[in-house]
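Comments concern the structure below.
Where a number appears in this text, it was derived from the coordinates with a stated rule and is not lab data. It should be emphasised that the depicted structure is a prediction, and the values quoted were computed from it without experimental measurement. Using ideal geometry, Cβ is built from the backbone for each residue, glycine included, and neighbour counts are taken over all protein chains shown.
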Amino acid sequence: MKRLVPVAGLDIEKALWSQGYYYVGGVDEAGRGPLAGPVVVAGVILDPNKVECLEVDDSKKLSKSLREALYEKIISESIDHQIQILENTEIDRLNILNATLKGMRQAVEALQPIPDYVLIDGNRLPKLPLPAQAVVKGDQKSKSIAAASILAKVTRDTIMKKYDRDYPEWEFSKHKGYPTKRHKELLNKFDPTPIHRKTFRW
């Protein structure tokens, strides 16, 4: 199949549906850049009959309350969704790129039914036994990828809020493990926690 040119909205999905690829999966991750916590990968198959009304966008552009509302809507209205969590120890063992690609492959393989075609955010594809396309800035160009980005982001934020309760002095609910100025100040003050990525430089 000829590579499709990414365009905004649902154009990528509509082109695929018109060619007979009914079950289109979207995949995205949250948490590649942090110094602590997991990377979370989500895969989702949106219902072509309901997707027009789904007002999703890049999760980073949405407010917390809107992300959470859309999370529930995606869960309830999608054909299927899967979420994979790769802990910091797995990231240290594989490196962040390979851990992310592993999570993407696992998310796709867990989807039911098996997608006819997969759209993955970024410029790298995991090894998959089905047609797939990497879409740079895909969470801004594909509703399927945008929906996956919301699932991944909300899931990871929830995990980091739990870690905030476990390690209150680290303020994980504020910086979510990302290398902010405050997080680096805390790293200079305290020894790293068990959820910090030991192979990352800080």
Would you please name the residue that is farthest from Pro194 (Cα to Cα), looking only at residues in the stretch 44-91 that are among the acidic types (Asp, Glu) and touching a Leu at 6+ places or on another chain (Cβ under 8 Å)?
Glu52
Does Leu35 satisfy the condition of being in contact (Cβ under 8 Å) with a residue 60 or more places away in the chain, crowded, with 18+ Cβ neighbours inside 10 Å and farther than 30 Å from Thr199 by Cβ?
no
Within the stretch 171-179, does at least one residue satisfy the condition of being of a type outside the set (Phe, Trp, Tyr), closer than 30 Å to Ala15 by Cβ and outside any loop (DSSP other than H, G, I, E, B)?
no
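Give me a count of the residues in the stretch 154-188 that are basic (Lys, Arg) and either in contact (Cβ under 8 Å) with a residue 60 or more places away in the chain or farther than 21 Å from Leu66 by Cα (or both). If you could, list the steps in order and put the result at the bottom.
Taking the stretch 154-188 first, the residues basic (Lys, Arg) are 156, 161-162, 165, 174, 176, 181-182, 184.
This time we only want the ones that are either in contact (Cβ under 8 Å) with a residue 60 or more places away in the chain or farther than 21 Å from Leu66 by Cα (or both), so: 156, 165, 176, 181-182, 184.
Within the stretch 154-188, residues that are basic (Lys, Arg) and either in contact (Cβ under 8 Å) with a residue 60 or more places away in the chain or farther than 21 Å from Leu66 by Cα (or both) number 6.
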Residue count for the stretch 168-196, restricted to those that are closer than 15 Å to Gly33 by Cβ and of a type in the set (D, E, K, R)
3
Looking at the stretch 42-62 only, could you name the residues that are touching a residue at least 60 places away in the same chain (Cβ under 8 Å) and among the hydrophobic types (A, V, I, L, M, F, W, C)?
Ala42, Val44, Ile45, Leu46, Val51, Leu54, Val56, Leu62
